[in-house]
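What follows is a set of notes on a single structure, which appears directly below.
Taken together, the values in this text are just the output of simple stated rules run on the coordinates, not laboratory data. Predicted model only: the values in this text are computed from it and were never measured. We place every Cβ from the backbone using ideal geometry, glycine too, and count neighbours over all the protein chains shown.
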Amino acid sequence: MRNPTRPSRPQPVVTENSVANSPSSLWSVEPFDRQQHDRSAFDCGIPILNEWLATKVSQFEKKDLARTYVLVEAGSTVVKGYYALSNHTVAYESLPADQVKGLPQIDMPVVLIGKLAVDRSLQGQGLGEFLLIDALRRAEYLATKIGIRAVEVDAINEAAKRFYERYDFLSLSDDPHHLFLPMSIIRKLQLPPL
């Protein structure tokens with residue numbers, strides 16, 4: 001559903017072909033494995049995202065707080081990008097008025113993209129989109145198994161906010177950097193299944 005106050009803009013087209021012609025022949029997204037993946041040189045330009053990958057990802061995995069997926073070049077174990085997913089809730093009161101119609105007044109179950117970053121050496125090559133699409137595909141798969149209303153992100157800065165808004169993420173009322181994408185929109189993308 002489009003926000004009526006936001007001007008219409010061209011939408012990224014994601015089809016079976018665009019995913020097939022994406023960087024997938026050169027790159028793969030894999031579940032993080034601390035024994036296998038080399039993250040020592042990762043630098044996305046944002047220290048907190050670098051530090052999380054270097055020092056916290058294993059703890060989050062071990063304690064079942066998040067599942068992290070890493071971007072690696074075919075035949076390599078060097079991490080060049082990553083994202084982390086976990087379950088979360090969004091307060092009913094934070095949802096825009098057009099999103100609450102017919103919903104019970106409870107916190108909404110969501111998938112949180114807690115982190116998403118691409119190494120500086122590869123930024124601007126579409127790999128952020130590649131990671132985001134992979135995350136949305138995983139969220140859509142999970143939504144066939146459990147109730148998930150949307151995908152949620154907390155954009156770390158204005159550039160990240162603009163990135164997510166290009167894919168129709170909407171602002172929640174509690175913070176302009178707190179964004180979500182309803183599962184109904186994700187389904188309309190008709191992403192290829194995992």
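Annotations for the structure displayed:
- Residue-averaged [θ]222 nm for the chain, counting only DSSP H segments that reach four residues, each worth -39500 (n - 2.57): -6500 deg cm²/dmol
- Cross-link pairs exceeding 32 Å between alpha carbons, from the set Lys56/Lys101; Lys63/Lys188; Lys161/Lys188; Lys56/Lys145: Lys56/Lys101; Lys63/Lys188.
- Proxy reagent accessibility, fewest Cβ within 10 Å first, across Tyr82, Tyr164: Tyr164, Tyr82
- In the frame of its principal axes, the chain has Cα extents of 48, 37, 33 Å, reported largest first.
- 15 Å beta-carbon shell around Glu93, net charge (K/R +1, D/E -1): -3
- Exposure proxy order (Cβ contacts within 10 Å, fewest to most) of Thr77, Thr68: Thr77, Thr68
- Here the chain is treated with +1 on each Lys and Arg Cβ and -1 on each Asp and Glu Cβ, and its dipole about the Cα centre works out to around 300 debye.
- Chain lengthening between Lys101 and Gln190 when straightened (0.36 nm per residue, less Cα-Cα): 29.6 nm
- Note on the stretch 50-137: Cα convex hull, mean projected area over all directions, 7.8 nm².
- FRET efficiency, Ala159 to Lys56 (Cβ-Cβ, R0 30 Å, nearest 0.05): 0.85
- Order of Ile46, Ile146, Ile113 - criterion: other Cβ atoms within 10 Å of each residue's Cβ, fewest first: Ile146, Ile46, Ile113
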